Amino acid sequence: MYLNPDDYTTIDIVKRSDGVTVATLNRPEKLNAVNATMHRELSTLSIDANRDPETRVLVLTGAGRAFCAGGDFSGSRDGRSGANYLNDLNEARLIVDNWLDCEKPTIAAVNGYALGLGATVALLSDVVYIGRSGVLGDTHVNMGIGAGDGGGVVWPMLIGPARAKYYLMTGEHIKAEQAKELGLVQDVVEDDELMPTALALAERLSNGPLAAISASKVPINKWIKQVSNMVLPLSLAMEQVTMGGDDAVEAQAAFREKRQPDYRR
């Protein structure tokens, strides 16, 4: 068994008998913000699912009120602090690469906020459903950090370079209906219908010709990965540089102190 639920502590893994595996980001008290442990587990989740004979379709969602609020800047860093947080470039790249290399269908059910890395992981999925109260955004810039962990790959491919640069440079939030209009998500559904809708598609795909389904998505993901191979190393390196900058220090201090950052101090 490649995808062992006991190997994951921040992601709840439920493997159903119909071949659908539901992975739930499970730090609801932090809006499922990504700490070091979840970051590591996100780097292995999709590849473990891909190798797992009991998994035919992977569904990703979040526990509680949010899908994933991005990086955890609350001060709980599992031994990492400040600019060192999420600085493992290899692990960060594996999150994107392994998601794109997964040959099995992946479905994101976005409940509440999906921000920063949370938005990236959701948008890398083959199909994205969002609840009516859901919100998407790449908010790295709001923390004085470059959008290096995949936002520079997936956003331009979904909505075009000009729009992508606007949303990545501003960190602006996008509500569910606008996300559909922009082409970021497959569909908007009522909040209480989000998981039933995602699971209905997952069951349909799981009962379908999986080899043919994989053959229909893998070439597209290889195209995306070709772009990722060019963009991601540079964007991660630039993100790492910004993590150690004065703006990031000020943004994180302002976040903890519940005030507006002053970047021109």
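The values are calculated or read from the model by the stated rules, or taken from the named source; none is laboratory data. In this text the structure is predicted, and so the values were computed from the model without any measurement. FYI the Cβ positions are ideal-geometry reconstructions off the backbone, even for glycines, and counts take in every protein chain you see. Side chains included, ligands, DNA and RNA excluded: accessible areas come from the protein's heavy atoms. Shrake-Rupley method; radii C 1.70, N 1.55, O 1.52, S 1.80 Å.
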- prompt: Scanning the stretch 11-62 for residues that are without any contact (Cβ under 8 Å) to a residue 12 or more places away in the chain and in a strand (DSSP E or B), which turns out surrounded by the most Cβ atoms within 10 Å (Cβ to Cβ)?
  reply: ILE13
- prompt: Out of all the residues in the stretch 109-145, which are out of contact with any His (no Cβ under 9 Å at 6 or more places or on another chain), free of Cβ contacts under 8 Å to residues at least 40 places away in the same chain and either open to solvent by 20 Å² or more (accessible area, probe 1.4 Å) or outside any helix (DSSP H, G or I) (or both)?
  reply: ASP138, VAL141
message: Tally up the residues in the stretch 178-192 that are open to solvent by 30 Å² or more (accessible area, probe 1.4 Å) and in contact (Cβ under 8 Å) with a residue 40 or more places away in the chain, please.
response: 5
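Which residues, counting only those in the stretch 251-262, are farther than 10 Å from MET143 by Cβ and open to solvent by less than 90 Å² (accessible area, probe 1.4 Å)? So that I can check it myself, show each step before the final result.
We begin by selecting, within the stretch 251-262, every residue farther than 10 Å from MET143 by Cβ; these are 253, 256-260, 262.
The answer is ALA253, ASP262.
Go through the residues of the stretch 223-234 one by one and say whether even a single one is open to solvent by less than 90 Å² (accessible area, probe 1.4 Å), part of a loop (DSSP other than H, G, I, E, B) and either without any contact (Cβ under 8 Å) to a residue 40 or more places away in the chain or not polar (S, T, N, Q) (or both). Steps first, please.
Quick first cut of the stretch 223-234, residues open to solvent by less than 90 Å² (accessible area, probe 1.4 Å) only: 224-225, 227-229, 231-233.
So of that shortlist, the ones also part of a loop (DSSP other than H, G, I, E, B) come out as none.
Checked the stretch 223-234: no residue is open to solvent by less than 90 Å² (accessible area, probe 1.4 Å), part of a loop (DSSP other than H, G, I, E, B) and either without any contact (Cβ under 8 Å) to a residue 40 or more places away in the chain or not polar (S, T, N, Q) (or both).
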query: Quick one: how many residues across the stretch 119-175 are closer than 21 Å to ALA109 by Cα and hydrophobic (A, V, I, L, M, F, W, C)?
result: 17
Output for the stretch 181-215, where each listed residue is in a loop (DSSP other than H, G, I, E, B) and of a type in the set (Asp, Glu): GLU190
- line: Residues of the stretch 146-176 being without any contact (Cβ under 8 Å) to a residue 24 or more places away in the chain and part of a helix (DSSP H, G or I), in sequence order, are PRO156, PRO161, ALA162, ARG163, ALA164, LYS165, TYR166
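Determine whether GLY148 is more than 29 Å from GLU54 (Cα to Cα), at pLDDT below 95, open to solvent by less than 70 Å² (accessible area, probe 1.4 Å) and within 19 Å of the chain's Cα centre (by Cα).
Numbers: more than 29 Å from GLU54 (Cα to Cα): yes; at pLDDT below 95: yes; open to solvent by less than 70 Å² (accessible area, probe 1.4 Å): yes; within 19 Å of the chain's Cα centre (by Cα): yes.
Yes; evaluated as a whole, the condition is true for this residue.
Filter the stretch 122-142 for residues that are in contact with a strand residue (DSSP E or B) (Cβ under 7 Å, 6 or more places away or on another chain) and among the hydrophobic types (A, V, I, L, M, F, W, C); which is farthest from PHE73 (Cα to Cα)?
Just the residues of the stretch 122-142 that are in contact with a strand residue (DSSP E or B) (Cβ under 7 Å, 6 or more places away or on another chain), to begin with: 122, 125-132, 134-137, 139.
Restricting the remaining residues to those that are among the hydrophobic types (A, V, I, L, M, F, W, C) gives 122, 127-128, 130, 135-136.
Numbers: ALA122: 20, VAL127: 29, VAL128: 26, ILE130: 25, VAL135: 19, LEU136: 18 Å.
Selected residue: VAL127.
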